[in-house]
Every structure is written in structure tokens, then in C-alpha cells.
1. Given the C-alpha centroids of region 1-60 and region 72-107, what is the distance between them in whole angstrom?
2. Loop-only check: which chymotrypsin sites (Phe, Trp or Tyr not before Pro) in region 373-424 are DSSP coil with at most 12 other Cβ within 10 angstrom?
3. In whole Å, largest first, what are the principal axis extents of the Cα atoms in region 105-145?
4. Per DSSP H run of n ≥ 4, the term is -39500 (n - 2.57); total these for the chain, divide by its residue number, and report the mean residue ellipticity at 222 nm rounded to 500 deg cm²/dmol.
5. Please turn the phi angles of region 330-341 into ³J(HN,Hα) values with the Karplus equation 6.51 cos²θ - 1.76 cosθ + 1.60 (θ = phi - 60°), one per residue in order, whole Hz, x for glycine and proline.
6. Please list, in order along region 392-403, the HN-Hα scalar couplings obtained from phi with the Karplus expression 6.51 cos²θ - 1.76 cosθ + 1.60 (θ = phi - 60°), rounded to whole Hz, x for Gly and Pro.
7. State, to one decimal in nm², a quarter of the convex hull surface area for the C-alpha atoms of the chain, i.e. the direction-averaged projected area.
8. With a 10 Å radius around each residue's Cβ, average the other Cβ atoms per peptide and rank 27-38, 260-271, highest first.
Amino acid sequence: MLATNEPSFRESVDLMFDRAVALMDLSPGLAQKIKVCNSTYTVRFGVRLRGKIETFVGYRSVHSEHMEPVKGGIRYALGVNQDEVEALAALMTYKCALVETPFGGSKGGLCIDPRAWDEHELEQITRRFAYELIKRDLIHPAQNVPAPDMGTGEREMAWIADQYARMNTTDINAKACVTGKPPHAGGIQGRVEATGRGVQYALREFFRHPEDVAKTGLSGGLEGKRIIVQGLGNVGYHAAKFLSEEDGARIVAVIERDGAILDDAGIDIEGLRQHMNAHQGRLAGYPHGRHVAEGAAVLEAPCDILIPAALEGVIHKGNAARIQAPLILEAANGPITFGADEILRGKGCVIIPDMYANAGGVTVSYFEWVKNLSHIRFGRMQRRAEEARSRLLVEELERLSADKGLGWTLAEDFKDRFLTGSDELALVRSGLDDTMRTAYQSMREIWHSRPEAGDLRTAAYLVSIDRVAKTYRSKGL
């Protein structure tokens, strides 16, 4: 539970911004322009459901229009409020600048428990919310492009895209009004896994730098590292699955709403996910590992890497001093409050910040937006040309071997892999990997060259704010 003297989520974001700006040569006016949220639209609309009119409250906040369109997800949760949406919109501005996607920051939310309504009712609610935003250009391919967030997914994005197309029948770029759509409805391969995949690529890049790893007191690579994941939603599930199955890490605990599952030998993430799907999202009753009812306490358990992948503010002044993980990766937005951040920094804990660690979603959303505007599937033009070129090389090598009597042959698995051209999923993963590597290196350069920056989060803010400031200056501000 948050301490009473804890800053709010929005205040935490602003305090972290102020900490970075104090190290920069920015005019107070420009710093204030970057910091403030440009606008927030609040909508209250009614939908006739179950024989009566239900009124819903939603928000769409635009933090910065230094680049357009602005980008940011729409979340469905009962706790959605203006402060939260504005804080998330600010993080989107800095996140997009850090990973060099050409967007400003925005965010949306609807105060609703999506589990309380059946699919048809949720579609009615979503379409009416979208209608209210679309008619004010708060959903538009060139101005404001939402994406999924907590409580929403491909289904809701498809409804929004269809609603936009119904209201803008001659807009050839209508599908680009929203990202995170299903592949058959204008989406892109790899978008669902994107944020979790980005977490994996972020950790891989961190472990490529031994001097960075040494700051945590760890050594070696990801193999065998003990990881605790808080939240097995879309992000936490994919991150845990990829890290355990592809990198050899051990997921020793998973924390969810009804407690936690612990297994020091490593949890089978796919098996646990299937259990949760069959039991209304509950961990209880999973036959492998040990279930404990007090999930929050497991955040403080010993491990090598802690990945909070659910809500903001789960690590706060009340528990930060007891966190034992030497490395924390923020897969959620704002899981560490400003007060907790100060405590953890003082302990020497290394934090891979949210604006970098969970940027995989917006990065692949950018690829989807570009695909929608270009009206062609990635890989369609070049895949078979790549394969033909590779086949020429393989055939020439085999001919030379035969002519010279060398007696060697290429392994079939090598030939199969070498002769396969890049499809859309391969290109998306390649682009995401490159983005995560490049963004980390930009943070790392500041982290190591400017001791006053102190940590990766401050370094990330310094990189992002500087890029936003340069854009505003180019506009004459």
C-alpha cells in the first residue's frame, strides 16, 4: 500500500523530469513547455445496455505535439483518472523521443471494468467512445493514433478502426488511425508480443555490456538468472516466456492478483498461463510450485532480476528498502514511485526504466502505422529476391566443392535457414531489436560520460528531453 506522503503517479513523472532538467541548459520557458500536458478531453457518454442507459467517463490526453501524430494507448480500468492519463501521456512523449519514433505523446482511458460486460456490450461501449473521440479528431491517422493498453487488445482496436472507417468513408489511410489491430484487419505480425519481446531485447542488450552488469553485482549472461515477474498479462507473459524458453533464465516467481506461484527450479510459463486461462485468471490451484496468498510480499524475495509488469506504484516508499533484486526492469509504466526510486538508487540498485524497457509496443506500432500508410506488407517486395540471391551463392559454393573435389557439403539446416528470405515477422523483430539496442546505447553513453546523471532513468530523460527540445527549437520556440 502506498505511503501517505508518496507523490502521485503524475507527480512522480514530473519530479523525475525536474531532476533531469536541473542537469540541462534549458530555458525555464522551454522546460515548462515540454513538461506540461497540452490538453485533456473528458467525455461522458451514455449507452443503452440491459434495458437502461449506462453513463461512462473517458479521457484522451495529448501531452506534446512537437511531432504529429501523437501516439498512446487506450486502457480500460475502473481506476482510470485524469492524473493517470496525463502521466502516461507524458511518458509516451519521452518514450517516443528515446526510441526515435516520430510521434508526440498521448494516452486514453475509459473508466470501466471490461470483465463486467459481454462482448457485444463492450463493442457498443467501445464504438461510442471511439465516436466521441473521432468526431473531435482525437483519433486520426495524421493527428492521434491510439493503441492497446491494459484491458484492451486487438479486438477493441479492430472495432475502433472500423468505427473510424464508417465515419470517414473516403480516407484511404483509415486503417492507420489506430495500431495493435489483428493482422487480418490491417495489423502487423509481432504486435501482440511486441512489448514483451522488447523487454527481452532490452535485457539482452544490458547483458552485452559487462561493466554495466558489474554495477548490479551480477556476472555472465541471462542464462540461469533468477527472475520474478509481477503481472502475467500480455507483457509479463511474453517477457517471461521468451526469457525462460530462449535465454535460459529461470522464472522463480510469478505474482498476480490472487497471490504468487514460487518455484526455484523455474516455472513453466506456458503451463501457468493455460491454468490461468482455465480459471478466470487465478493462480490458485496450479499444481506445480508453491502458492502464497500475499503476492506483494514476493516483490521483496531474493532474485537476480525483478520485472514489475502490471500497475504503477507497486514499489513505493513502504517496501523499497526491502527489495532485494539488484536489477529491476520496469515492464509496466511507473511501477516505481519517485520516493522508491530515490531509496533504490541509494542502495545501488540498477533500474532499467519504463520509458525504455516497455517501448517495444510503440516501436512495433510505428511499424504498423508505416505499413498502413504504405499499403503493402513488409517483405512482400524483397523476400523472394533475397531467397534467389542466397540460392545462387549456395549453388556456386556446392559447384566449386564438386569441381575441386573438396568433398564437403553444407548442412541442410544451415541451407534451410540461409535460403529463407525475411518475412514480415522477421523484419519486425529485426527492427525492434535494432531500436532497443540503439536506444540503450544512447542512454548508456550519458550514464557513463556524465557521472552527475547517476542512473539510467535520468540518462533516459536527458536523451528524450534534449530531442524534444531540439524539435521545438526547430519550430521557432
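1. 9
2. TRP408
3. If we take the Cα atoms of region 105-145, the spans are 33, 18, 13 Å.
4. Working: 17 runs with 217 residues, N = 477.
Per the formula, -14500 deg cm²/dmol.
5. After applying 6.51 cos²θ - 1.76 cosθ + 1.60, I find 7, 7, 8, 8, x, x, 10, 6, 4, x, 5, 4 Hz.
6. 4, 5, 4, 5, 5, 4, 5, 5, 4, 4, 5, 5
7. Numbers: hull surface 105.8 nm².
Its Cα hull, projected and averaged over all orientations, spans 26.5 nm².
8. Values: 27-38: 15.3, 260-271: 17.5.
Ranking, from highest mean packing down: 260-271, 27-38.
Every number in this text was worked out from the coordinates using simple rules, so none of it is lab data. Given the structure is predicted, the values throughout are model-derived calculations rather than measurements. Neighbour counts are summed over all protein chains in view; Cβ atoms, including those assigned to glycine, are modelled from backbone coordinates with ideal geometry.
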